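Encoded as C-alpha cells, the structure appears first; notes follow it.
The values are calculated or read from the model by the stated rules, or taken from the named source; none is laboratory data. Just so you know, these numbers come straight off a predicted model, no measurement behind them. Using ideal geometry, Cβ is built from the backbone for each residue, glycine included, and neighbour counts are taken over all protein chains shown.
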Amino acid sequence: MTTASKPRVRFAPSPTGYLHVGGARTAIFNWLFARHEGGTFILRIEDTDVERNKPELVDGILESLRWLGVDWDEGPVFQSQRLEVYPAAADALLANGSAYLCYCAPEKYAGGDHAEVEEVEEAEEAEGKKPLKKQRCGCRHLDEAGRKAAEAQAAEQGFQPAIRFRVPETGTTAFDDAVFGKREVQNAEIEDFVLLRSPKAGQTARLPTYHLACVVDDIEMRITHVIRGADHLSNTPKQALIYRGLGAAPPVFAHVPLILGPDKTRMSKRHGATSVGSYIEEGFLPEAFRNFLTLLGWSAGDDAQFLRTAELLERFSLAGVSRTNAIFDRPKLEWFNTQYLQKLPVEDLAPHVEAELKRAKIWREVWAGAERDWFLRTIDLTRPRTRLLPDFSTWARGFFSDDFFYDGAAMEKFWKDAKLPALMEKLTAGYAALTEWNHDACDKVLRDLAAAEGIKAGLLINATRVAIVGQAVAPPLFDTMVAIGKERIVARLRRALPAIAAKTSS
RNA sequence: GGCGCUAUGGUGCAACGGUUAGCACGCGGCCCUUUCAAGGCCGAAAUGCGGGUUCGAUUCCCGCUAGCGCUACCA
C-alpha cells in the first residue's frame, strides 16, 4: 500500500478571551477531520501578544474543548515558551533578502487607528491626489548610509528596528484552499507586513507577529492542513509568501465560513451568549451542542440532521464545508438539545443528570447503587418534558427531593374549585388506604371518586398533580405517583391539604 | 476608500445544466391527550436584480446591489 502521510492539523486559539462558538466550531472541524482521516490533532496556544494575553483563560479554553469532546493528540504548545525560534526565522528571511529592517517608530503604524499614516492618506485624498499607498515602507530601499543614519536615529529615540517582509512589487501570489478553491492575488495589494516587532524601550525580547509565528510553527509541526476561520482568507497570501521565503512547502488551506449573529453581523457579546462556557452553564448537552455547531457551514451532503459522534466522524469531509456565512440560530440549538435529551440512551444521559442534581445539592448516592434502576426509570419518565439539564433539578425536582415549591401559576390554575378541599381529603384517604400501589390502582381510586362525586376526573387529576410535584406540567399522573411512591405521595397530599383549602377559599 | 469572499423560504442545509426546487428548525392548523411536552399528519414560506451562454439555467459567465471579511509592530 502507499504510505500516504497522515494529515496533521491544529487548532490555535489565542487566550485573549473565552472559547467563542466560532472557535469551537473551527476546533470541531479540525478534530473531525483529523479523526476521520486517522491523522493527528494538535492544540497550540498563540500567546505572543503579552499585552493582550490572559494566561488564566487558557484553562477555561481547555475545559470548553474537553466538554465538547474534542481531544488533542499533541500539546498544548505555547508559543510564549518557544519565543527563541521566531527571531531565528526572521533573521533567515533577512539573510536571504526576503525581509528588511524597518526603522520606523512603532507608533507610526501601531495601534488600531494607526493615526499617523491614516492622517496623511486623508489629507492627500482631500487634496484630490491619488491616495499614496502606505504599503511600501521607505526603509525597504535604504542604502548602507541611510540605514546607518536611520539606525542612529532609532537608537536615539530608544527602539530597535522591526523586520518587515519584502513583498514583490509585481506578480501574484497563489495558494490552494480546499473550500474556496485556487486563490491568487496581486502582490501590489499586499503590504510589507511586519514579521518581528521592534523591541520596546528597555526590552530586548524580539517578538513575532501572528503571521511569522503561525507559519514557523506550522512548518515545524509539519501541519498539512490549515483549517481556520474565513476571516484569515485575506491574510493567507502573506503566509504563502513566508512559506516561500523560508523554502517550505505550504499546507493545504481550508477556510471555513464565519458564524454570525441573528442580525447577520459577527457574533459578539451583543448577541448574548457567545462563549461555549455559557452554554455549559445553561445546561446544554455537549453532543447536542456539537451536532448543532457542526451543521453550521457543513453538511454530510444529504438531509441528515441528527448526527451522533460516530456518524460525524465517519461522514465528515472538507468537501462538505460551505462558503457562506451561517447565522447562529438559538431555537435550532434548543431543538437539538431536546432531541438528545430524548433520544440518548438513558445510560448516556444519566451522568449529566447526576451532575445536575449534585450541582443542585439534591443528589443521593443510592441512585448510583441500589436504586440505580429507579433513577434511570425516573430519568426516562421525566426527560420528554425537559429542555435543558437544570430542568431536572427545578421542574422535575419533586421526583428527586421532597424539598420543592408549589408553582404559583399552577395553584392559581388548578386549585380554584371550591369543592376541592373536601374532594382532596377523600382522595387522600383513598390513597392512604390503598394496599396495592401501581398505575391502575391509583387510576381506579381517583376515577371511582370522581364518578361517585359526579365530577370530571380532570379536576382531581390536575389538582393532584400540583399537590404532589408542585407543577402544572408533569409526566402522566399515575406514572408519577408510582415513581414517587405511596408513602411520599400520601404525605405530600396531606401536606397540600391546608394550602388547597387556603387557595380555594381566597 | 481599496482589495477580496459570498448570495436558495425568517434560519441551517440539499438539488453540483433538465426535479411539481427537497429536508430540518421556527411558524400556523389538525390528531393524540388528565397538564405540558414528545410524536403523527397537513399547510404557508425561497432561487437578490439585470444581462448573457445554452434546446434548457438555482446551477456557467459578466455587471449591479447587498452582506461579510481583510486593510495593526492583534490574533
Legend entry - Failed criterion for A:Ala145 (all others in (1) over 30 Å from A:Trp298 (Cα atoms); (2) under 43 Å from the mean Cα position of the chain (by Cα); (3) exposed (fewer than 11 other Cβ atoms within 10 Å of the Cβ) hold): (2)
Legend entry - Any hit, the stretch A:11-31, residues being away from RNA strand B (no atom under 12 Å from the Cβ) and among the basic types (Lys, Arg): no
Inset, instruction - Could you check the stretch A:387-471 for helices (runs of 4 or more DSSP H) lying wholly inside it with 2 or more residues that are of a type in the set (Ser, Thr, Tyr) and touching a residue at least 24 places away in the same chain (Cβ under 8 Å)? - result: A:420-433
Legend entry - Pairs, first part of a helix (DSSP H, G or I) in the stretch A:476-491, second among the acidic types (Asp, Glu) and within 11 Å of RNA strand B (Cβ to nearest atom), C-beta under 7 Å, six or more apart: A:Phe478/A:Asp443
Legend entry - Among residues of the stretch A:264-283, those that are surrounded by fewer than 19 Cβ atoms within 10 Å (Cβ to Cβ), part of a loop (DSSP other than H, G, I, E, B) and either more than 12 Å from RNA strand B (Cβ to nearest atom) or touching a residue at least 24 places away in the same chain (Cβ under 8 Å) (or both), counted: 3
Legend entry - So A:Leu477, is it at pLDDT 95 or above and within 10 Å of RNA strand B (Cβ to nearest atom): yes
Inset, instruction - With respect to A:Thr224, determine if the residue is within 14 Å of RNA strand B (Cβ to nearest atom), out of contact with any helix residue (DSSP H, G or I) (no Cβ under 7 Å at 6 or more places or on another chain) and β-branched (Val, Ile, Thr). - result: no
Legend entry - helices (runs of 4 or more DSSP H) (entirely within the stretch A:284-383) containing at least 1 residues that are within 24 Å of the chain's Cα centre (by Cα), surrounded by 14 or more Cβ atoms within 10 Å (Cβ to Cβ) and within 15 Å of RNA strand B (Cβ to nearest atom): A:286-294, A:309-315, A:330-343, A:346-359
Legend entry - A:Gly17 within 21 Å of A:Ala230 (Cβ to Cβ), under 14 Å from the mean Cα position of the chain (by Cα) and at pLDDT below 95: yes
Inset, instruction - Go through the stretch A:2-86 and tell me which strands (runs of 3 or more DSSP E), entirely inside it, have 1 or more residues that are of a type in the set (Ser, Thr, Tyr), surrounded by fewer than 21 Cβ atoms within 10 Å (Cβ to Cβ) and touching an Asp or Glu at 6+ places or on another chain (Cβ under 6 Å). - result: A:40-45
Inset, instruction - Confirm whether A:Ile259 is among the aliphatic types (A, V, I, L, M) and within 15 Å of RNA strand B (Cβ to nearest atom). - result: yes
Inset, instruction - May I ask you to verify whether A:Lys416 is basic (Lys, Arg) and closer than 14 Å to A:Ala499 by Cα? - result: yes
Inset, instruction - Answer yes if at least one residue in the stretch A:434-448 is of a type in the set (Ser, Thr, Tyr) and under 47 Å from the mean Cα position of the chain (by Cα), and no otherwise. - result: no
